[in-house]
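Data block below; observations after.
The values are calculated or read from the model by the stated rules, or taken from the named source; none is laboratory data. None of the values given here were measured: they were computed from a predicted structure. Cβ placement follows ideal geometry from the backbone for every residue including glycine, while neighbour counts extend to all protein chains displayed.
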Amino acid sequence: MRDESLPINQVIVGDVLDVLLTLPDECVDCVVTSPPYWGLRDYGVEGQIGLEATPEEFVAKIQRICHAYVRTLPEILGQGREMGQMSP
């Protein structure tokens, strides 16, 4: 049963981690993402993804985001995607 308090067919704008952490488990049917490359562009936004000091910090941030959105997918879609085992 759908939670009527959640938006439907709507784009939610905000910092990806902040927004994902407000969503309950298994409430999203599809995630479309196109993360930026590390160190390629500066959009002038404080805290933007891609301007971390090292590639390792960049990968760690992308992993945190991926783990956050996998949690929001229905179990059947997130099945087998244990931490550290997700594929791109």
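Miscellaneous remarks
- Residue 28 surrounded by 13 or more Cβ atoms within 10 Å (Cβ to Cβ), at pLDDT below 90 and either of a type in the set (A, V, I, L, M, F, W, C) or in a loop (DSSP other than H, G, I, E, B) (or both): yes
- Scanning the range 62-81 for residues that are surrounded by 17 or more Cβ atoms within 10 Å (Cβ to Cβ) and either in contact with a strand residue (DSSP E or B) (Cβ under 9 Å, 6 or more places away or on another chain) or part of a loop (DSSP other than H, G, I, E, B) (or both) yields one hit, 73.
- Residue pairs meeting the criteria (Cβ under 9 Å; at least 6 apart or on separate chains; first surrounded by 13 or more Cβ atoms within 10 Å (Cβ to Cβ), in the range 33-61; second part of a helix (DSSP H, G or I) and of a type in the set (Gly, Ala, Ser)): 52/60
- Checked against (1) surrounded by 10 or more Cβ atoms within 10 Å (Cβ to Cβ); (2) part of a helix (DSSP H, G or I); (3) of a type outside the set (Val, Ile, Thr), residue 18 passes all but condition (1).
- Single condition residue 83 does not satisfy, out of (1) of a type in the set (A, V, I, L, M); (2) closer than 21 Å to residue 6 by Cβ; (3) modelled with pLDDT under 90: (2)
One line per residue, one yes/no per condition, for (1) at pLDDT 80 or above; (2) of a type in the set (Lys, Arg); (3) within 16 Å of the chain's Cα centre (by Cα):
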site: 3; (1), (2), (3): no, no, no
site: 7; (1), (2), (3): no, no, no
site: 13; (1), (2), (3): yes, no, yes
site: 23; (1), (2), (3): yes, no, yes
site: 36; (1), (2), (3): yes, no, yes
site: 52; (1), (2), (3): yes, no, no
site: 72; (1), (2), (3): yes, no, yes
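- Among the residues of this structure, residue 59 does not count as one that is outside any loop (DSSP other than H, G, I, E, B), on the phi < 0 side of the Ramachandran plot and in contact with a Gly (Cβ under 7 Å, 6 or more places away or on another chain).
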